[in-house]
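Reading through the structure tokens given below for one structure.
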Amino acid sequence: MGAVAAAWQHLQRLGQSARGDSISALFKDETRFARFSLQADGLLFDYSKTLLDDTRRAALLGLVQAAGLEQRRDALFAGARVNETESRAALHMAWRAGAEGQFAIDGQDVMAQLRATDARLMAFAKAVRAGHVQGAGGAICDVVNIGIGGSDLGPAMAVAALAPYGDGPRCHFVSNVDGAHLHDCLVGLDPRRTLVIVASKTFDTLETMTNAASARAWMQAGGGDLAAQFVAISSATQRALDFGLRAEQVFGFADWVGGRYSVWGPIGLAVILAIGPENFAQFRAGAAAMDRHFCTSPLAENMPVLFAMVGLWHRQVLGYATRAIVPYDQRLALLPAYLQQLEMESNGKSVTRAGQPVAQPTGAVVWGAAGTGGQHAFFQLLHQGTDIVPCEFMVAAQGHEADLAHHHRLLVANCLAQAEALMRGRATSDVLAMLAAHGVHGAEAQALAAHRSFAGNRPSVTLAYDRLSPYRLGQILALYEHRVFVEAVVLGINPFDQWGVELGKELAQALVPMVEGREESDGKDGSTRGLLRFLQGRAE
Ligand code: F6P
């Protein structure tokens, strides 16, 4: 048996024996928090509210080492073609590396070209922000980013997260091919003072190209100046030119940046416009600092590695199929959706890099919402449902609203309370005592206690930081990127491709003429034919 298989077997045995253990009981060790948390560059990762102990942690570390993480990580940063199915490197780190950064693929420097594009990008953003880019009706006051998936979620999430730093034009995001999305966005915007960004790595995505054509028609009809008010960001620059744009309106990036890893470069244009180049440089610097930490810290003190180990422990060892992301930070409300794409598109795979069925379950179902709102929606199930859902909490020591500091204290209290409640639960004896204090006794109390008590012992981790600044956001996103990478290495899968989304795209293209009634649906299954008949019978 190989070292990896042996490490998994050892962990499965440890997982079996852990099932009866109590997280709360582990805190009899007064040093537990210090020993099961890690601070790096202002970010605290607390994983003490889990069933990990020294033995289990050491076994996970053994697994990570046996899987060859360090070699694979070094290959990633060295520009090796780690995305084997597309024969591409995955060098998104180059876009945040700053002046010192040096990256190459097959011995060819990639930084010179990248820096030339970046200089154009920043000059353009500065000109828009300063009012020097003039639309037909004057300076740009609104920006509409048209993109989907990685060409939408990153910039939309970061613009919302960094709103306190926003001093540029208002940014809006349209992703869905549902005309309602574009319509509701454009209502009230001035086509003569709006900048449209078409963000698409492939410049071929049905939703984005449909929205781009409709936005162009809106601008033309409204007297906008397409030459000044329309730009494209893509790896397929020729397609952007074919769309009718001039070279000066197109910002390119190489195909070795995956869509869900692309916010650091030109796809981040809306963020640069919103918060300015200096703040964007801080956002990149936070991520670059996490890159350095990942590359240089010993594995046992390496935040992405420890974070991945907790993920593997919960998903692969204990079998918890989902995990919830709950930022107690309203401006991170879009982060669960961003991380959903990052994690589920990356690690939602069934075969190893060699094309063999993968031996373990792979990516968890990632979902969530900002706290405290989520508490009043799905936390009931987290506390008393029959499935265990590990939670990932995030919380800042300070908000940005000095005049509302008491709100922030309540927010922090709620975050800590949920993590504590998940772990502690509520013992039947406590419930009976509470009921007795309210004069409820005997059979009635016993019956109610069954509903009001719960076992607890539900794990969570917490990321804590001073304040959600551009630097911190960059750190957190890079932390998650590397955590996904570590999990993928251990599972032996390729996190950088996404072939599973192709079939749906192809079928949608083929269904269009059937929806339009131009083609028969004979070859389709009975359900699809029945649905088509129903919808066509009621279409305009
Ligand atoms: O959903 C599949 C996907 O290819 C994502 O990986 C990508 O972020 C998204 O579509 C958008 O792709 P593009 O930027 O090429 O329009």
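The values are calculated or read from the model by the stated rules, or taken from the named source; none is laboratory data. Predicted, not measured: the structure shown is a model, and the values here were computed from it. Cβ atoms come from the backbone with ideal geometry, glycine included; neighbour counts cover every protein chain shown.
Structural remarks
- Qualifying residue in the range 510-523 (condition: away from the ligand (no atom under 16 Å from the Cβ), among the hydroxyl-bearing types (S, T, Y) and over 30 Å from A402 (Cα atoms)): yes
- Residue match in the range 127-145 (condition: in contact (Cβ under 8 Å) with a residue 12 or more places away in the chain, within 13 Å of the ligand (Cβ to nearest atom) and either of a type in the set (V, I, T) or touching a strand residue (DSSP E or B) at 6+ places or on another chain (Cβ under 8 Å) (or both)): yes
- The residue list G101, G42, G68 contains one member that is at pLDDT below 95 and under 26 Å from the mean Cα position of the chain (by Cα), which is G101.
- When R19, R72, R56, R32 are screened for being out of contact with any His (no Cβ under 6 Å at 6 or more places or on another chain) and surrounded by fewer than 14 Cβ atoms within 10 Å (Cβ to Cβ), only R19 passes.
- If you go through the range 185-202 and keep only what is near the ligand (Cβ under 7 Å from one of its atoms) and in contact with a helix residue (DSSP H, G or I) (Cβ under 7 Å, 6 or more places away or on another chain), you end up with A199, S200, K201.
- Number of the exception - E100 against (1) in contact (Cβ under 8 Å) with a residue 12 or more places away in the chain; (2) farther than 19 Å from R193 by Cα; (3) more than 16 Å from the ligand (Cβ to nearest atom): (1)
- Identification of helices (runs of 4 or more DSSP H) wholly contained in the range 231-316 with 3 or more residues that are crowded, with 24+ Cβ neighbours inside 10 Å and either more than 16 Å from the ligand (Cβ to nearest atom) or among the aromatic types (F, W, Y) (or both) yields 269-275, 277-296, 303-312.
- Any hit, the range 433-456, residues being buried (at least 21 other Cβ atoms within 10 Å of the Cβ) and in contact with a Ser or Thr (Cβ under 9 Å, 6 or more places away or on another chain): no
- Single match in G399, G439 (criterion: closer than 30 Å to R472 by Cα and part of a loop (DSSP other than H, G, I, E, B)): G399
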